[in-house]
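The block underneath contains the structure these notes are about, expressed in structure tokens.
The values are calculated or read from the model by the stated rules, or taken from the named source; none is laboratory data. Predicted, not measured: the structure shown is a model, and the values here were computed from it. A quick note on method: Cβ atoms are made from the backbone with ideal geometry, for glycine too, and the neighbour counts reach across all protein chains shown. All accessible areas refer to the heavy atoms of the entire protein, side chains included, with ligands and DNA or RNA removed. Shrake-Rupley method; radii C 1.70, N 1.55, O 1.52, S 1.80 Å.
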Amino acid sequence: MKKQTFLFLFLVASYAAHSQKPADILDKWASVSPIEKAYLHFDRDNYLAGETAWFKAYLYSDFQPDTISTTLYVELLKDSSTILSRIVLPVFLGSTNGQIELPDTLATGNYIIRAYTATMLNVDPAHICRQHIFIYGKNKTTVSESANENPRLEFFPEGGNFINGYTNSIAFKATDKNGLPVQIAGNILNEKNEVITNFTTYHDGMGMFDITPSANTNYYATIDGSSEKYLLPASINKGIAIALLPHPQGSFFEIKQALEEPGMQAAYMIGQMQHHIVFRQNFTSGKKQLEGVINTQHLHSGILQVTVFNKDNIQLAERVCFVDNKEYILDATIKEDTIDFSARAKNRISLHFKDTVQGSFSVSVIDNDYSSIATRENNIFTSLLLTSDIKGYVHNPAYYFSANNDSVKTALDLVMMTNGWRRFKWEKLLTQASFPAFYKDNAYITLQGNAMLQGTKKPFPDKQLLLLMTGSDGKRITQLMQTDNNGNFALDSMIFFDRTRLLFSDVRGKKSQYIDINMGNDSIRKGFQILPIALKSRNNISTTVNLNKWKMDYDAIEKANGILLQEIRLKVQKKNPLQIVDERYTNGMFSGEATKAIDLVNTDEANPYQNIFDYLQSRVNGLQVMADGFDYSLFYRQGPSVSSMGNIPMTLFLDEIETDASVIATIPASQVALVKVYNTFEGGWGNAPGGVLAVYTKKGQDYTINTSFANHRIYNGYSIIKEFYAPDYKPGSNTVKGETKPDNRITLLWRPNVLINNISPVLPISFYNSDRTKEYKIIMEGITVSGKMLSIEKIITPTKKPF
């Protein structure tokens with residue numbers, strides 16, 4: 001009885017799950033975890049170990065620039081799981097840019113670039129952005145190829161079902177051991193070894209054939225020149241067969257079904273793109289064959305998922321197709337204004353748009369002799385519209401956007417039938433009660449934590465905190481924040497870069513108290529568990545000529561880095577540690593002699609003190625320190641005064657910026673590198689009659705954290721974004737005057753942040769040639785606020801005339 005009750009409840013639960021409408025459940029999921037995509041435009045695809053790889057990142061969601069995420073993670077991987085470096089970048093209006101420093105120790109080979117946001121991981125980590133670059137470095141690796149190894153052959157029935165008694169279209173895909181396509185031909189045989197039909201690849205290892213299977217019969221394939229047998233999927237008696245064919249308005253569909261099985265009859269069909277339902281068509285029951293047209297002329301371009309359901313919302317068949325209405329293309333042309341291939345000559349080109357343009361773009365100009373192929377295999381079109389929705393490897397995806405003829409369309413449809421495109425399975429989706437978002441974008445950097453009275457477990461409640469932030473470049477930012485009843489605080493939507501020092505202090509003047517700070521979780525430097533997926537690619541540098549060019553450049557760099565001068569004996573006076581510290585930290589009028597200077601880099605005698613003022617009272621003769629809470633007043637060598645102004649306090653500088661004593665008082669003495677005292681100082685108001693105290697905080701390798709002072713923390717902000725350097729050979733420029741090294745640049749120009757907002761704009765671009773470049777390759781990409789995309793590649797040679 002208990003078993004029967006359990007079975008009844010299970011059936012009821014299953015029916016209730018499938019009774020949910022697929023469109024409703026999909027909309028619910030999309031609202032919680034929207035689809036995001038990323039594409040990286042690199043200045044080029046091939047690099048030398050030790051160089052910098054520059055890139056612009058474009059984020060895309062719902063066919064427009066993505067405004068969902070604020071933080072992008074970009075990683076360099078040796079293989080599918082070994083991370084060599086990781087950078088974290090802020091995203092503004094759907095784009096960001098940065099650079100990857102390639103270690104000079106890297107071996108020659110292909111490397112993976114992985115880019116993602118936290119939101120992307122909530123849908124399917126298999127669809128995050130993965131691109132590859134080729135790096136020429138040390139110890140070129142060689143792979144021994146196995147002779148006569150049989151290819152892998154996979155079969156994909158159209159619609160997912162191989163139904164007995166119906167003509168089924170079967171797509172196939174043949175690849176080698178590295179997952180790259182191979183061309184084959186062969187036969188399909190039954191278990192009696194009778195040839196049923198033959199097949200041959202149509203494009204890049206893919207093809208298709210038709211077969212009508214019989215019940216209780218197995219089928220297999222053989223390949224010409226091989227004795228191996230490849231089994232076809234087992235055929236089934238129940239199910240529906242669906243076929244999609246090209247049509248001027250989109251796709252013509254044909255559904256065949258048996259009327260003997262009510263549960264296997266099509267009730268309706270829906271289409272979804274990017275987790276949004278774009279059409280629904282209901283069917284009349286009692287028909288063995290259903291057919292019609294799916295009009296896609298007004299849809300966005302991209303992958304359309306078509307699913308057939310029965311009356312109980314159970315999936316019966318599924319097929320995907322690619323919609324290519326060309327509405328995503330932004331028309332633009334490159335005009336060659338002034339082209340000069342002389343060494344270090346100035347060149348001018350311009351990009352001409354035909355319509356009103358508002359968007360963000362990136363431009364690179366490279367030496368085409370170091371480009372392995374005439375046209376890149378991946379670009380912004382292929383990534384955001386095709387490969388980002390497909391799990392399997394697509395070989396040379398740019399081919400499918402190269403023309404609008406039938407052969408390209410047929411090849412693209414084979415990609416749809418043979419790749420693991422699915423982001424979800426309907427049967428699993430319809431049984432989910434909720435859709436938790438495991439990862440969340442924190443809206444840039446959020447500083448959160450808890451403030452306690454120093455040395456106690458008592459909170460610092462309902463009070464203001466002063467936060468002093470000091471970046472690695474010495475720049476300071478101050479922020480005020482409020483604690484709650486439990487001493488908790490949070491400051492969100494912050495953007496700062498690199499290693500930043502945080503100093504928290506009470507701001508109530510005479511009533512100020514010392515506090516301890518317990519920081520919460522890091523909001524951007526978190527780790528994610530991402531399943532490794534290998535990225536297959538051809539060797540970008542395949543010819544001996546190209547390899548020799550890269551080897552010459554790499555050897556030249558190695559030689560330049562390894563030049564040793566002959567032994568030279570110099571008689572110089574050795575500087576003492578204080579002089580070395582003074583040179584590293586001081587500038588201008590602060591450098592050199594002072595009334596008193598104290599080196600705290602090479603000693604730890606100040607570490608036990610709460611702040612630098614407490615330490616200096618016993619260290620500097622004639623210094624008087626008067627304290628009232630955090631309100632400090634310092635006087636140097638002043639006795640009783642008969643002046644109407646009384647004693648004149650010292651002028652205080654923190655890292656050579658005039659600063660109030662209450663700010664310096666929050667800095668632990670252990671974090672001070674140098675203190676200088678001056679009787680008078682020309683840089684102070686009125687020559688600083690009260691004297692000057694200059695305090696320098698530790699930086700770089702001198703910086704340490706003393707855990708006994710818990711109001712002081714280090715926070716790693718976003719990765720530093722560097723500026724691309726291009727020499728200026730204009731007559732009289734500093735580059736010309738000081739330039740003695742040969743100019744062997746491969747990337748001649750990289751402009752990642754080109755913002756355009758105009759009607760039919762013309763973008764002028766100028767760059768200087770290197771000493772050796774004889775062909776220019778220009779690549780321009782970008783996206784408008786409405787989702788139109790630009791992807792232009794042009795090679796300029798000396799034989800081409802400007803137009």
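The HN-Hα couplings worked out from phi for the range 330-341 by the Karplus form 6.51 cos²θ - 1.76 cosθ + 1.60 (θ = phi - 60°) are 9, 6, 7, 9, 9, 10, 8, 8, 9, 10, 9, 8 Hz, whole numbers, x standing for Gly and Pro. With both labels modelled 7 Å from their Cα along Cα-to-Cβ, the Ala107 to Leu491 distance reads 4.7 nm.
Modelled spin labels at Tyr220 and Lys346, positioned 7 Å past Cα toward Cβ, are 7.3 nm from each other. Here the calculated FRET efficiency for Thr446 and Glu261, from their Cβ-Cβ distance with R0 = 45 Å, stands at 0.20, rounded to the nearest 0.05. Sorting Thr382, Thr201, Thr680 on solvent-accessible area from highest to lowest, probe radius 1.4 Å, gives Thr680, Thr201, Thr382.
Here the Karplus curve 6.51 cos²θ - 1.76 cosθ + 1.60, taken at θ = phi - 60°, turns the phi angles of the range 384-393 into couplings of 7, 9, 10, 5, 5, 9, 10, 7, x, 6 Hz, with x standing for Gly and Pro.
The mean accessible area for residues of the chain, using a 1.4 Å probe and ignoring ligands and nucleic acids, is 49 Å² per residue. When Ile445, Ile83 are compared by accessible area at a 1.4 angstrom probe, the order from most to least is Ile83, Ile445.
Amide H contacts of Ser512: Phe630, each under 5 Å away and 5 or more positions distant or on a separate chain (H built 1.01 Å from N in the peptide plane; Pro and chain starts excluded).
Rounded to whole numbers, the Karplus 3J(HN,Hα) couplings from phi for the range 208-217 are 7, 9, 9, 8, 10, x, 9, 4, 6, 10 Hz, using 6.51 cos²θ - 1.76 cosθ + 1.60 with θ = phi - 60°, and x at Gly and Pro.
Ser69 sits with roughly 10 Å² accessible to a 1.4 Å probe, with DNA, RNA and ligands left out of the calculation. Taking label points 7 Å from Cα along the Cα-to-Cβ direction, Asp27 and Ile83 give a separation of 3.8 nm.
Each residue was assigned an accessible area with a 1.4 Å probe, and for Tyr202 the value is about 120 Å². The separation of the range 782-801 from the range 123-138, counted between C-alpha centres, amounts to 24 Å. Out of these labelled values of volume of the Cα convex hull per residue in Å³, (1) 252; (2) 160; (3) 225, which was calculated from the coordinates shown here? Correct label is (1). Can you list the lysines whose alpha carbon sits under 27 Å from that of Lys457, skipping same-chain ones fewer than 8 residues off? Partners found: Lys510, Lys511.
With Cα atoms defining each centre, the range 153-228 and the range 423-477 are spaced 54 Å apart in the structure.
Label zone of Lys326 (point 7 Å out along Cα→Cβ, amide N under 16 Å): in the range 292-310 this covers 297-302. Accessible area per residue (1.4 Å probe, heavy atoms of protein chains only) ranks His276, His712 as His276, His712, with the largest value leading. The alpha carbon gyration tensor of the range 112-251 gives principal lengths a ≥ b ≥ c with a/c of 1.5 or higher and a/b no greater than b/c, which makes the shape oblate.
Between amide H atoms placed 1.01 Å from N, distances below 5 Å from Glu51 occur with Leu102, all of them 5 or more places distant or on a separate chain. By definition, a body whose alpha carbon gyration tensor gives a ≥ b ≥ c is oblate when a/c is 1.5 or more and a/b is not larger than b/c, and the range 78-177 fits this oblate description.
Per-residue ellipticity at 222 nm, computed for the chain from helices alone with -39500 (n - 2.57) per DSSP H run of at least four residues, works out to -3500 deg cm²/dmol. Taking all protein chains as shown and a probe of 1.4 angstrom, Arg619 keeps an accessible surface of around 90 Å². Close amide H contacts of Asn396 (hydrogens built in the peptide plane, cut-off under 5 Å, sequence separation of 5 or more or a different chain): none are found.
Using the Cα gyration tensor of the range 211-321, with a ≥ b ≥ c the square roots of its eigenvalues, what is the shape: rounded (a/c below 1.5), prolate (a/b larger than b/c) or oblate (neither)? Oblate, since a/c reaches 1.5 and b/c is not below a/b.
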